[in-house]
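What follows is a short report on a single structure.
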Amino acid sequence: MASRVQQLSVELAGRSYPVVVGPGARHELARLMPAGARLAAVVTQARVGVGVETGLAQEVFHIGDGERAKELATVEELCRGFSRWGLSRSDVVVAVGGGVVTDVAGFAAAVYHRGVAVVHVATTLLAQVDAAIGGKTGVNLPEGKNLVGAFWQPSAVVCDTEVLAGLPERERRSGLGEMAKYAFLGVPGLASMTLEDAVASCVACKARFVSADERETDALGGGEGGRSAGRALLNYGHTLAHALETVGAYDLRHGEAVAVGLVFAARLARRLGRVDDGVVAEHERVVHAYDLPSRLPPGVGHPELVEAMGRDKKASGGGLTFVLDGPDGLEVVPGVPVDAVRAVLEEMSR
């Protein structure tokens, strides 16, 4: 049976937006443009190489490649370009690319004229299953990833699985790191699904979390015993992953760092008596099934990682905070002892 385009929905309080998934989905873009828009500022990277037709007068704005493009200077450059072109508050920004593009273009849209509509056309597996969905936008500081940003929900998201065929192998595997995370968030059988169905299942899972806790407020104080179970659970594996990306050039793509972070989180939960060896083994199995790393890179500095994890957005009261598995499933756990964290880092360096 031929694959078909599916349309899912992210339901928010008083509003919703569509996520179109499947081969050729980018050709649905024109019908997804906001009513009343005249101009579409298409933000992309030269290496993306995916053309789009918005049905509006459109201009292409390029940003640099890689994480180095995720900085405030890029947002300023984009906003100045929008202004010179004449983009108005009633027009639209269209982000065409991976997570870097959707993060940066989404943030520029959030702050330009105090908010213009944005539509994401996700061209990497990582963006399709995670980064383009949910309205988190932002850029990095030298002190940490995504420390400056805004919640700015897109008007629509397009996940054209046809364009994934041209992804470099490392980029594809990076997306699998985020996909592996969903195996522990309630999406069974991902490895046996078609690509279209796997992407759609991850989108549907993330949409449920976003709908229940749009701005991640549950992580800021809700929940029994100070623990929460909202959108912050989508950060499973990310505390260590972001630290690895912040403190050193360890030749890890984001999804690869997340894979290491997932195994680290399972081993930390075991050290704290929250899970048994079987849970750790299952994390190792899922990560290895996607041919992803499960150990720290050689030469990684443990003190620098601990310091970076202390600056994580989930951290509160100066303590270390992680999403960890336990008897009741995943939850945000504050106040994790530094000694336990260091011990697991040492364990994963051997």
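The values are calculated or read from the model by the stated rules, or taken from the named source; none is laboratory data. From a predicted model like this one, the values you see are computed outputs, not experimental measurements. Here the Cβ positions follow ideal geometry from the backbone for every residue, glycine too, while neighbour counts run over all protein chains shown.
Structure values in brief
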| read-out | value |
| --- | --- |
| Some residue of the stretch 290-300 being under 18 Å from GLY144 (Cβ atoms) and in contact (Cβ under 8 Å) with a residue 12 or more places away in the chain | yes |
| Complete set of residues in the stretch 156-172 that are crowded, with 21+ Cβ neighbours inside 10 Å and either free of Cβ contacts under 8 Å to residues at least 60 places away in the same chain or of a type outside the set (A, V, I, L, M, F, W, C) (or both) | ASP160, THR161 |
| Subset of the stretch 39-50 (residues that are without any contact (Cβ under 8 Å) to a residue 60 or more places away in the chain, under 22 Å from the mean Cα position of the chain (by Cα) and surrounded by 13 or more Cβ atoms within 10 Å (Cβ to Cβ)) | VAL42, THR44, GLN45 |
| Whichever residue in the stretch 230-256 is of a type in the set (Val, Ile, Thr) and touching a strand residue (DSSP E or B) at 6+ places or on another chain (Cβ under 8 Å) and, among such residues, is farthest from ARG68 (Cα to Cα) | THR239 |
| Single residue of the stretch 1-19 satisfying the filter (in contact with a strand residue (DSSP E or B) (Cβ under 7 Å, 6 or more places away or on another chain) and outside any strand (DSSP E or B)) that is modelled with the highest pLDDT | VAL5 |
| Residue satisfying all of: in the stretch 83-129; of a type in the set (D, E, K, R) and not in a loop (DSSP other than H, G, I, E, B); nearest to the chain's Cα centre (by Cα) among these | ASP103 |
| Verdict on GLU245 being assigned to a helix (DSSP H, G or I), surrounded by fewer than 16 Cβ atoms within 10 Å (Cβ to Cβ) and either at pLDDT below 95 or assigned by TED's automatic domain parsing to the domain that holds ARG68 (or both) | no |
| Lone unmet requirement of (1) under 24 Å from ARG4 (Cβ atoms); (2) modelled with pLDDT under 95; (3) touching a Cys at 6+ places or on another chain (Cβ under 8 Å) for GLY186 | (1) |
| The one condition in (1) under 15 Å from PRO154 (Cβ atoms); (2) assigned to a strand (DSSP E or B); (3) not hydrophobic (A, V, I, L, M, F, W, C) that PRO34 fails to fulfil | (2) |
| Filter pass, ALA165 being aliphatic (A, V, I, L, M), assigned to a helix (DSSP H, G or I), in contact with a strand residue (DSSP E or B) (Cβ under 9 Å, 6 or more places away or on another chain) and at pLDDT below 95 | no |
| Exclusive hit being more than 25 Å from GLU53 (Cβ to Cβ), in contact with a Ser or Thr (Cβ under 7 Å, 6 or more places away or on another chain), modelled with pLDDT of 95 or more and not assigned by TED's automatic domain parsing to the domain that holds ALA308, set ALA132, ALA150 | ALA150 |
| Counted residues, the stretch 256-291 - those being out of contact with any Asp or Glu (no Cβ under 8 Å at 6 or more places or on another chain) and either crowded, with 22+ Cβ neighbours inside 10 Å or β-branched (Val, Ile, Thr) (or both) | 11 |
| ARG47 vs. criteria over 25 Å from THR194 (Cβ atoms), among the basic types (Lys, Arg) and at pLDDT 95 or above | no |
| Condition check for LEU12: surrounded by fewer than 17 Cβ atoms within 10 Å (Cβ to Cβ) and in contact (Cβ under 8 Å) with a residue 12 or more places away in the chain | yes |
| Hits in the stretch 223-242 - residues which are modelled with pLDDT under 90 and either basic (Lys, Arg) or buried (at least 22 other Cβ atoms within 10 Å of the Cβ) (or both) | ARG227, SER228 |
| So GLY66, is it under 19 Å from the mean Cα position of the chain (by Cα) and modelled with pLDDT under 95 | yes |
| Test result for GLY22, surrounded by 14 or more Cβ atoms within 10 Å (Cβ to Cβ), at positive phi and in contact with a strand residue (DSSP E or B) (Cβ under 6 Å, 6 or more places away or on another chain) | yes |
| Any chance GLY36 is on the phi > 0 side of the Ramachandran plot and surrounded by fewer than 21 Cβ atoms within 10 Å (Cβ to Cβ) | yes |
| Of the criteria (1) outside any helix (DSSP H, G or I); (2) farther than 30 Å from LEU195 by Cα, which one PRO297 fails | (2) |
